[in-house]
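Chemist: Let me give you the structure first, and then I'll get to my questions.
The values are calculated or read from the model by the stated rules, or taken from the named source; none is laboratory data. The model shown is predicted, which means the values in this text are computed figures rather than measured ones. Because the Cβ atoms are built from the backbone with ideal geometry, glycine has one as well, and the counts that use them run over all protein chains shown. Just the protein is used for accessible areas: all its heavy atoms, side chains included, with ligands, DNA and RNA removed. Shrake-Rupley method; radii C 1.70, N 1.55, O 1.52, S 1.80 Å.
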Amino acid sequence: MELDDLKPNWQKSSHAIKSKTEIQKMMQLKNHPKLNRVRIKIITETAFLIAFLLICNTIFDPENKPIWVNVILLSSAVLFILNNIGGYLVLLNPVRGNNLAQSVSCFHWEIKKLSVLSLVTAFLFGASVILFFTSTIT
């Protein structure tokens, strides 16, 4: 489709005038459905992670394991949760610059950094869980 074909179609389309309140509501990111799903995911993961840590510290005899293993498990879980919250905060505020190109560039850099941190924290948590369960095996 050429530009000349698009012009008449654009002119025929209805121009719905939005009120100022509708435009402001559209601009608020807290109402975005994807961000609501991310928030629910973070809350669910955090609840299950806390439940897992409570189970590990009651059922699986943490007093028989070295203290450093317990500290590593707890700190890796906290880092995992903090990384999820940091990612949510990055998504909540995508505007990072004065113009569009600078904003997109900064947001892209933040997303790349966040993806690497997510991989590292997930790996650390997985490794610490394996370490926790295998630390007393002789």
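Chemist: Conditions: (1) over 24 Å from Lys41 (Cβ atoms); (2) surrounded by 15 or more Cβ atoms within 10 Å (Cβ to Cβ); (3) at pLDDT below 90. Thr136 meets all but one. Number of the miss?
Modeler: The number of the failed condition is (2).
Chemist: Looking at the stretch 10-30, which of the residues that are open to solvent by less than 80 Å² (accessible area, probe 1.4 Å) and modelled with pLDDT of 70 or more is nearest to Pro94 (Cα to Cα)?
Modeler: Ser19
Chemist: Without any contact (Cβ under 8 Å) to a residue 60 or more places away in the chain, among the small types (Gly, Ala, Ser) and open to solvent by 40 Å² or more (accessible area, probe 1.4 Å), is that true of Ser128? Please lay out each step first, then the result.
Modeler: Values: without any contact (Cβ under 8 Å) to a residue 60 or more places away in the chain: yes; among the small types (Gly, Ala, Ser): yes; open to solvent by 40 Å² or more (accessible area, probe 1.4 Å): no.
Against the criterion (without any contact (Cβ under 8 Å) to a residue 60 or more places away in the chain, among the small types (Gly, Ala, Ser) and open to solvent by 40 Å² or more (accessible area, probe 1.4 Å)), Ser128 does not qualify.
Chemist: For the stretch 86-118, name all the residues that are among the hydroxyl-bearing types (Ser, Thr, Tyr) and open to solvent by 50 Å² or more (accessible area, probe 1.4 Å).
Modeler: Taking the stretch 86-118 as the starting set, the residues that turn out to be among the hydroxyl-bearing types (Ser, Thr, Tyr) are 88, 103, 105, 115, 118.
Listed by number, the residues that qualify are Ser105, Ser115.
Chemist: Another one. Please enumerate the residues belonging to the stretch 53-92 that are closer than 16 Å to Leu124 by Cα, more than 16 Å from the chain's Cα centre (by Cα) and among the aromatic types (Phe, Trp, Tyr).
Modeler: Trp68
Let's see how each residue does on (1) modelled with pLDDT under 95; (2) part of a helix (DSSP H, G or I); (3) farther than 20 Å from Ala51 by Cβ; (4) not aliphatic (A, V, I, L, M):
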position: Ser75; (1), (2), (3), (4): no, yes, no, yes
position: Gly86; (1), (2), (3), (4): yes, yes, yes, yes
position: Gly97; (1), (2), (3), (4): yes, no, yes, yes
position: Val104; (1), (2), (3), (4): yes, yes, yes, no
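Chemist: Let me ask something else about it. Just name the residue that is most open to solvent (accessible area, probe 1.4 Å) out of those in the stretch 34-70 that are of a type in the set (Asp, Glu) and part of a helix (DSSP H, G or I). Full working, then the answer.
Modeler: We begin by selecting, within the stretch 34-70, every residue of a type in the set (Asp, Glu); these are 45, 61, 63.
Now restrict to residues that are part of a helix (DSSP H, G or I): 45, 63.
Values: Glu45: 59, Glu63: 134 Å².
Filtering the stretch 34-70 for residues that are of a type in the set (Asp, Glu) and part of a helix (DSSP H, G or I), the one most open to solvent (accessible area, probe 1.4 Å) comes out as Glu63.
Chemist: Only one of these is within 30 Å of Ala127 (Cα to Cα), at pLDDT below 90 and not polar (S, T, N, Q): Leu35, Leu3. Name it.
Modeler: Numbers: Leu3 fails: within 30 Å of Ala127 (Cα to Cα).
Sole residue among the options that is within 30 Å of Ala127 (Cα to Cα), at pLDDT below 90 and not polar (S, T, N, Q): Leu35.
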